[in-house]
Amino acid sequence: MVSLKGKDILHGNQFSKKEIDTIIKTAGYFEKALKKKDSLNLLKGKILATLFFEPSTRTRLSFETAMQRLGGGVISMASAQSSSAAKGETVADTARTVDQYADVIVIRHPRIGSAKEAADAAEAPVINAGDGAGQHPTQALLDIYTIQKELGSLKGLRVSLVGDLKNGRTVHALVELLSLFGAKLHFVSPSALRMPEAIAANLKVKGIDVVETEDMMKAASESDLLYMTRIQKERFEDLSEYERVKGYYIIDGDFLGKLKKKITILHPLPRVNEISPEVDSYPGAAYFRQVRNGVFVRMALLSMVMGKALD
Ligand code: NCD
């Protein structure tokens, strides 16, 4: 059995296939357990600290839900503005401080590499909930859990990743996980928002079949799964450039009608305009089920890094 006890969760490339299997199994166990009971006692007495220096709805609330469903407690920084970061405190010092209070720390910060800095400073396990345009490994794990549930398998999937592949940290982490299962990937983006070369090149080295295109319809017609992403407005230095690309890819009833095949649609959310609400009732639209799965996967991760995994 693999163990994540005491480990930080920082990057999509840190996981083995075996670890992913264990996370999926553990999340599945918690999903079942929550059908019978509202909460468990597995992390009773333990404290999770959530440090969010960037906006969040799902990630913070699902981590806090997960911890409370496991019987643990939560302390939370209300916002970057209300913390000592506003006085100039470094991420390392903040992490070292919170380490004195909490048994596990979840951090989101606008700078790439910030979660690693926190992890180096704190003894407690640190979980990266998004470091700027870098990585978002727990989102990728819940995406993988959702794919397994929706499609029944992770092997050899044909996946179109659509939107802001340059700045989207969820896709940066997800392709690392998908690459362990031999996926065929379509990277669909405007040319200004292509997947960073280092990530694409690394996938090719691993033997992953990657096609880069601007044509969402063609890519979707050759895929089992469409992973939509938001154009990351907050990462643009030039807002006129954002205005130029913001409506580039939109899935609506018309698109699905023309596609003429069933496809599974995921989105880490929030959506801005890339999936029209009329798509929500389409059977393959799995993005709100994906949200729910986030709780089970985060329960698995919290219990595993705390060394309380189930045998
Ligand atoms: C994503 C993020 O923060 O990177 N949201 C999330 O955690 N579900 C995606 C996004 O903000 O576009």
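Any read-out appearing in this document is the output of simple, stated calculations on the displayed coordinates, not a laboratory observation. Source: prediction; values computed, not measured. Ideal geometry is used to build each Cβ from the backbone, glycine not excepted, and the neighbour counts take in all protein chains shown.
Annotations
- The alpha-carbon of Lys116 sits under 16 angstrom from the alpha-carbons of these aspartates and glutamates, leaving out residues fewer than 8 places away in its chain: Asp8, Asp93, Asp99, Asp131.
- The alpha carbons of the stretch 177-311 occupy a box of 49, 38, 33 Å along the principal axes, longest dimension given first.
- Relative contact order, whole percent, for the chain stands at 21, derived from Cα pairs under 8 Å and 6 or more residues apart.
- Unsatisfied cross-links (Cα-Cα over 25 Å) in the set Lys32/Lys308; Lys5/Lys204; Lys37/Lys308: Lys5/Lys204
- Three principal axis lengths of the chain [C-alpha, angstrom, descending]: 54, 45, 39
- Highest mean packing comes first when the peptides 229-240, 48-59 are listed by Cβ atoms within 10 Å, giving 48-59, 229-240.
- Build a GNM of the chain with springs between Cα atoms under 10 Å apart, and of Val211, Val297, Val162 the one that fluctuates most is Val211.
- Debye-formula intensities of the stretch 87-240, expressed as log10 I(q)/I(0) at q = 0.10 Å⁻¹, are -0.41 (one equal scatterer per alpha-carbon, no solvent).
- Summing charges over neighbours of Gly294, with a neighbour being any other residue whose Cβ is under 13 Å away from its Cβ, gives +4 when K and R count +1 and D and E count -1.
- Taken along its principal axes, the alpha carbon cloud of the stretch 212-264 reaches lengths of 38, 21, 17 Å, longest axis first.
- Viscosity 0.692 mPa s, temperature 37 °C, Stokes-Einstein D of the stretch 39-120 from Kirkwood C-alpha radius, µm²/s: 251 µm²/s
- For the stretch 77-138, the Kirkwood hydrodynamic radius from C-alpha pairs, put into Stokes-Einstein at 10 °C and a viscosity of 1.306 mPa s, yields a diffusion coefficient of 137 µm² per second.
- Placing a pseudo-label 7 Å from each Cα along the Cα-to-Cβ vector at Ser79 and Ala92 gives an inter-label distance of 2.9 nm.
- Proximal aspartates and glutamates to Lys25, defined as alpha-carbon separation beneath 12 angstrom and excluding residues fewer than eight positions away on the same chain: Asp311
- Note that the stretch 93-181, at 20 °C in a medium of 1.002 mPa s, gets a Stokes-Einstein diffusion coefficient of 151 µm²/s from its Kirkwood radius over C-alpha pairs.
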